[in-house]
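The values are calculated or read from the model by the stated rules, or taken from the named source; none is laboratory data. Here the structure is a predicted model, which is why all the values come from computation and not from measurement. FYI the Cβ positions are ideal-geometry reconstructions off the backbone, even for glycines, and counts take in every protein chain you see.
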Amino acid sequence: MPETADLPIQSAELAAEVERIVDDTYVFDVHTHQYPPSFKTLFSAGIDDLLTYHYLIAELFRSSHVAVDSFWDMDKPRQADLIWDTLFVRNTPVSEACRGVVCVLTAYGLDPSAPTLKEAREFFSDLQGNAHIEKAMKLARVSDMVMTNDIFDEQEAKYWESSAARHPALHPALRLDPLLRDWERAQDVLSGRVTNRRYAAQTTLRDEDVTSIRSFLDGWIERMKPVYMAVSLPPDFVYPEDSIEGFLLKEALLPTAREHKLPFSMMIGARRGVNPALRDAGDAVGYADITSVERICLENPENRFLVSMLSRENQHELCVAARKFSNLMPFGCWWFLNNPSIVREITTERLEMLGATFIPQHSDARVLDQIIYKWNHARHTISAALTDSYDALARDGWRVTTDQIRRDVKRLFQENFRNFARLPA
């Protein structure tokens, strides 16, 4: 550590010092959709997967006259070629999703202005398996990633029950959406109608059903060793709620999280299938009721809640709620919020209201290579918000030092999650 680390930083040098520290600090990516390569069909990486991600599919239909049905009739390479030609060759790729692809290609030393995908496909064909994961994580400066693991998906469950190799930097998260959003699907799995696992799960729940469901969850927690339990919730989520889903949340999920000392993650505000023809690209956003978040934190003080809300209009309320409940950890700017102008606004607001006691971002990356651009762009934006905060602090008379900045960034990028999830340093 330099001897001058504890000396005040001059105002003219502040932005460069903040950006240097933010760039150098490895991050714990607390929410992704990554899998180890051994999970084969679930592992997503490379140029064709990057270009056929639903963000770019939605943009394609705004910039072309391609019929939706004819697009879905194409195989993935043809879809990728069409998107590349439309959004990158015939148009300037100024959107955040398009810029992301440019950033990834540049990071790998590829030409983002190439007229075809020939060079990129050759490059990614030679980059396989764990070598691909490790290269992407190094370029993104990511130390760890939390996966999203749906035990109600028969294909994924089989990988967990097999001897498929894990990756030490990829940590499981137990995703439980069907229990709260698709009870019929959950019943099919619990009752053994689609697997050989059998647990009691009646349409009208009884005490023995709850005991059985908790046993089901206990077994998966023992198998997977998740770092948290998680659900994605619609904007009309209500707590408490007089329904099967509300009963399961209160009597099965939250007690299980408490017993295993696992945080419970809630991502609130997604409206599914607004335009079903677009498939994954057809989802939208809705404003949620913060009072349900407040009630669940108040009534369950021994639970810890990771909360991300999708609507921009919910962000100030979420900060206020976090000031009232220490068992609430706001995290990230996901999906439609993950645009630099909005991320900067939200990060600044959180710094002003919560200090450094939140998790500023996660990649939400469904394609491995997305972690490169997501964290490249996030670092730039977080650096700007931190610089503004330190500059204002210095104007008020505080002596900002390199050690203080390094401590704050490490807290935001690593320690807040590790401490909240009770993981080793």
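Remarks
- Qualifying position, being in a loop (DSSP other than H, G, I, E, B), within 22 Å of the chain's Cα centre (by Cα), over 18 Å from Ala16 (Cα atoms) and charged (D, E, K, R), among Arg422, Arg418: Arg422
- Residue list for segment 113-149, restricted to those being outside any helix (DSSP H, G or I), at negative phi and under 26 Å from the mean Cα position of the chain (by Cα): Leu127, Gln128, Val142, Ser143, Asp144, Met145, Val146, Met147, Thr148, Asn149
- Helices (runs of 4 or more DSSP H) contained entirely in segment 1-92, each with at least 3 residues that are without any contact (Cβ under 8 Å) to a residue 60 or more places away in the chain and either under 30 Å from Leu393 (Cβ atoms) or hydroxyl-bearing (Ser, Thr, Tyr) (or both): 11-24
- Scanning segment 390-407 for residues being surrounded by fewer than 20 Cβ atoms within 10 Å (Cβ to Cβ) and closer than 30 Å to Leu170 by Cβ gives a total of 2.
- Conditions (1) touching a residue at least 12 places away in the same chain (Cβ under 8 Å); (2) at negative phi; (3) not hydrophobic (A, V, I, L, M, F, W, C); number of the one not met by Arg279: (2)
- Cβ-Cβ under 6 Å pairs, at least 6 apart or on other chains, segment 377-396 side free of Cβ contacts under 8 Å to residues at least 60 places away in the same chain, far side of a type outside the set (D, E, K, R) and surrounded by fewer than 19 Cβ atoms within 10 Å (Cβ to Cβ): Thr381/Pro340; Ala385/Thr348
- Qualifying positions in segment 258-316 - aromatic (Phe, Trp, Tyr) and assigned to a loop (DSSP other than H, G, I, E, B): Tyr287
- Tally, over segment 285-307, of residues that are of a type in the set (S, T, N, Q) and in contact with a Pro (Cβ under 7 Å, 6 or more places away or on another chain): 0
- Of all residues in segment 413-425, those that are buried (at least 20 other Cβ atoms within 10 Å of the Cβ) have Cβ atoms under 9 Å from Cβ atoms of residues that are assigned to a helix (DSSP H, G or I) and at pLDDT 95 or above, 6 or more apart or on another chain, in Phe413/Val22; Phe413/Ile382.
- Filter result for Leu139 (under 13 Å from Asp369 (Cβ atoms) and among the aliphatic types (A, V, I, L, M)): yes
- Considering each residue of segment 301-320 in turn, at least one proves to be in contact with a Lys or Arg (Cβ under 9 Å, 6 or more places away or on another chain), at pLDDT 95 or above, of a type in the set (S, T, N, Q) and closer than 30 Å to Gly282 by Cβ.
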